[in-house]
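What follows is a short report on a single structure.
Read-outs: derived from the displayed coordinates by stated rules, not from any lab. Treat the numbers as computed from the prediction; the structure is a model and nothing was measured. Because the Cβ atoms are built from the backbone with ideal geometry, glycine has one as well, and the counts that use them run over all protein chains shown.
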Amino acid sequence: MGLAIVAFAVIVACARDGEPNAGAATRPTVDYGLGRAPAPAELAAIDRDVDPMGRGLPAGRGTAAEGAVVYAAKCAGCHGSKGEGMAPNPALVGRTPDAGHNFALERGSRTIGNYWPYATTVFDYVRRAMPLAAPGSLTDEETYAVVAWLLAENRIIAPTDTMTAATLPAVRMPARPYFVPDNRMGGPAFR
């Protein structure tokens with residue numbers, strides 16, 4: 001009983017101004033001397049995302065032929081000249097079997113041709129994270145071109161197809177049927 005009275009007294013003392021967190025606004029902020037706040041322009045440059053339907057794709061275009069040049073210059077050093085992978089970097093090209101890869105039942109490499117459900121996700125990832133030594137440095141046109149090359153090498157699109165904000169979302173990836181939509185909303189209904 002005595003412990004309950006002490007706990008109650010502490011709560012009342014902390015909230016005596018009628019505010020549960022009275023004094024929180026007056027606490028000093030801690031500066032650890034690491035980093036800095038980004039400028040609005042810097043934040044806007046990285047605050048881009050693309051959804052499976054293609055919302056967020058920028059203007060631009062690219063072909064597999066153009067992508068082969070960019071890939072050779074900026075990607076092959078880590079992923080191999082044909083996208084075969086170079087340890088520790090993964091393979092990007094390969095389909096097993098040609099109809100798609102049931103990665104839930106079979107064990108195989110998780111390449112773009114086997115594993116990725118949406119071509120727009122490939123674009124978003126390449127634009128944000130590649131090349132490893134300079135993530136986000138590819139232009140939108142270079143990104144469309146590299147993605148076109150990767151899709152063509154995986155025999156998902158024809159080598160003559162042009163990828164744009166309109167054509168990329170229409171690409172049907174072989175692994176898409178093996179993904180289950182996540183319709184969880186959180187809260188009590190969360191599965």
* Structure fact -> Using alpha-carbon coordinates alone, the radius of gyration and Dmax of the range 50-178 in Å work out to 13.4, 38
* To do: Would you please put 41-48, 117-124, 161-168, 71-78 in order of how densely packed they are, using the mean number of other Cβ atoms within 10 angstrom per residue and starting with the highest?
  => 117-124, 161-168, 71-78, 41-48
* To do: Using label points projected 7 Å from each Cα along Cα→Cβ, tell me how many nm separate A170 and E42, to one decimal.
  => 4.1
* If r is the Cβ-Cβ distance from A59 to D161 and R0 is 22 Å, what FRET efficiency results, to the nearest 0.05? -> 0.80
* Asked: What spacing in nm lies between the two simple spin-label points modelled at A133 and T121, each 7 Å away from Cα in the Cβ direction?
  -> 2.9
* Fewest-first ranking of S81, S109, using other Cβ atoms within 10 Å as the exposure measure -> S81, S109
